[in-house]
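Single-structure report; data block below.
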Amino acid sequence: MKVTIFGSGYVGLVTGACLAEVGNEVLCIDIDPAKIDRLNRGEIPIFEPGLEELVHKNRSAGRLRFSTDPALGVRHGLFQFIAVGTPPDEDGSADLSHVLAVARSIGEHIGEYRIVIDKSTVPVGTADRVAETLLAAQRERGQSVEFDVVSNPEFLKEGAAIDDFMRPDRIVVGTDNPRTAELLRALYAPFNRNRDRLMVMDIRSAELTKYAANAMLATKISFMNELSNIAEAVGADVEKVRVGIGSDPRIGYQFIYPGCGYGGSCFPKDVRALEQTALGIGYSPQLLRAVEDINNRQKDVVFGKILDHFQGQLEGRTFAVWGLAFKPNTDDMREASSRRLIEALWQAGARVRAFDPEAHLEAQRLYGNRADLILTDDALSALEGADALVVMTEWAEFRSPDFAVIRALLRQPLVFDGRNLFDPKLVNAAGLDYYSIGRRPALANPKP
Ligand SMILES: NC(=O)c1ccc[n+]([C@@H]2O[C@H](COP(=O)([O-])OP(=O)(O)OC[C@H]3O[C@@H](n4cnc5c(N)ncnc54)[C@H](O)[C@@H]3O)[C@@H](O)[C@H]2O)c1
């Protein structure tokens, strides 16, 4: 089948590569010429495990092509995916300008029946706006070609995106047209072989399903973070509590890890956008508001512990930061907790030596070259001469370090762990003081 995808970011590129992998002819369109040039040279602009191989293989096979020409894109595919960004507007609502720009392009160039598929995360009612925009652009040309607009939200996780796309939990298709539903069923059949995962529903429910999923996941995280602060204050260990509640199958172990707050391109903006949707219809979304407030506060928790430990005196100190990406297996630093920490450290006059396995280019893009940020070649080098180690992302390679080496490299025997990666006893055994989330400080060197 012929497929066009507008937007070659995390979602568009993964969707394109996976649809090409199962035999479709895919054309990816992006407005960023530098990105398309890189893709046409065989370079992958983002880090996502397995993506590079998949793109190379399908480019070589001629099934995956890249262009900046929307006219070519509209001519190419029966299926026209919209996978462009929907960043937050100033009030937190989703900025639909990119989505509607694609709808306009399709309207400007449509010559025969097309299925327009919203894969971007968009608020309820966007499919109607896409249809209106497309119709208006057609009308200006005196055209009236038939088309359908479908909502097909994407649930992939950065870091496991290929696997999530190839073996999805569910494929949500919002359409009122049974014929369109069948065409999408055919397109998705290769990913749907051992059981039917396609859920056809009305468009508005499909649009809301995506926000509901992300808001629920964000709620789980904020719940655990709130609990971690209570646990710490009452002298309990949130990790024990986590295990205790996760054993109840109604609660489950997944996604109840306390930490230093959620980031990324989805949870923060989607919670805010859903909140704005609710406010727009006159409903006060108290839980969503709390989820976001708790997360905002949690992003400052590690910095607060550092500040307390040093009695507010951070001027001239150096901190080793392990992890910059908002989560492991990605180079994405959008709304990452590490950014809040690093910026607070700088503000207080401290310097940062940071290591992340994938996000250095992104950190350089965000912060440029500055004397108070050194990006080191490996995790241990970050520790040299630092006053403390601060763990901000739970990369696998940080999980089992040699604490004696850490102790030897640091200027002071001090670890702040925003992800609860370590067993306090092991850290203490190497003579290091250890601060984590939702647990009392574990001090190997009690203060006099
Ligand atoms: N990243 C994720 O994990 C994830 C998961 C599920 C859903 N989503 C949603 O998918 C959408 C895309 O997210 P992303 O992370 O891939 O974004 P991204 O920022 O990585 O990529 C978006 C791409 O769209 C391009 N673009 C913008 N306007 C365009 C236009 N008019 N025509 C063609 N290309 C255009 C940009 O240049 C960019 O390359 C968002 O709505 C997001 O909420 C993201």
Taking the Cα-to-Cβ direction at L443 and at R185 and moving 7 Å from each Cα, how far apart do the two end points lie in nm? 6.6
Could you check the simple spin-label distance between I281 and E53, using points 7 Å along Cα→Cβ, in nm with one decimal? 4.5
Based on a Kirkwood Rh over C-alpha pairs, give the Stokes-Einstein translational diffusion coefficient of the range 301-365 at 10 °C and viscosity 1.306 mPa s in µm²/s. 130
List the residues whose amide H sits under 5 Å from the amide H of S436, counting only those 5 or more places along or on another chain, with H placed 1.01 Å from N in the peptide plane. D417, A442
For the range 1-127, with only Lys/Arg (+1) and Asp/Glu (-1) charged at the beta-carbon, what is the dipole magnitude about the Cα centre, in debye rounded to 20? 580
Just the number, please: percent antiparallel of the DSSP beta bridges in the chain, rounded to the nearest 5. 5
Which value in nm describes the separation of the simple spin-label points at I230 and D402, placed 7 Å from the Cα toward the beta carbon? 4.3
With 10 angstrom as the radius, rank S105, S8, S60 by how many other C-beta atoms surround their C-beta, starting from the fewest. S60, S105, S8
Could you run the Karplus curve 6.51 cos²θ - 1.76 cosθ + 1.60 with θ = phi - 60° over the range 195-205 and give me ³J(HN,Hα) per residue in whole Hz, x for Gly and Pro? 6, 7, 10, 7, 10, 8, 8, 5, 4, 5, 5
Could you work out how far the C-alpha centroid of the range 146-215 sits from that of the range 291-364, in angstrom? 36
Subtract the Cα-Cα distance of N296 and E384 from 0.36 nm times their separation in residues, and report this length gain in nm to one decimal. 28.6 nm
L307/E112 FRET efficiency (R0 56 Å; Cβ-Cβ; nearest 0.05): 0.35
Extension gain D69-A348, at 0.36 nm per residue separation less the Cα-Cα distance, in nm? 95.7 nm
FRET efficiency, 1/(1 + (r/R0)^6) with R0 45 Å, evaluated for E146 and D377 via beta carbons: 0.20
Most exposed first, judged by fewest Cβ atoms within 10 angstrom, V116, V321, V243 run V243, V116, V321
Determine the gain in length on full extension of the stretch A160-Q254; use 0.36 nm per residue of separation and subtract their C-alpha separation, reporting nm with one decimal. 32.3 nm
Set of aspartates and glutamates near K57 by C-alpha distance (under 14 Å), chain-local residues within fewer than 8 positions excluded: E21, E25, E43
To the nearest 0.05, how large is the calculated FRET efficiency for D176 and R365 if R₀ is 41 Å and r is the Cβ-Cβ distance? 0.45
Given H placed on each backbone N at 1.01 Å, which residues far from V352 in sequence or on other chains put an amide H within less than 5 Å of it? F319, L373, I374
Please grab the % of Cα pairs in the range 388-448 that end up more than 19 Å from each other. 20
Give a quick list of trypsin sites (Lys or Arg not before Pro) in the range 1-83 that DSSP marks as loop, anything other than H, G, I, E or B, with at most 13 other Cβ atoms within 10 Å. R41
What do the square roots of 5 times the Cα gyration tensor eigenvalues come to for the chain, in whole Å, largest first, as semi-axes of the equivalent ellipsoid? 44, 24, 20
Taking Y434, Y367 and counting other C-beta atoms within 10 Å, the order from fewest to most: Y367, Y434
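Readers should treat all values here as calculations from the given coordinates under stated rules, not as data from a laboratory. Model, not experiment: these values are computed from the prediction. Quick reminder, even Gly has a Cβ in these numbers, built from the backbone with ideal geometry, and neighbours come from all protein chains shown.
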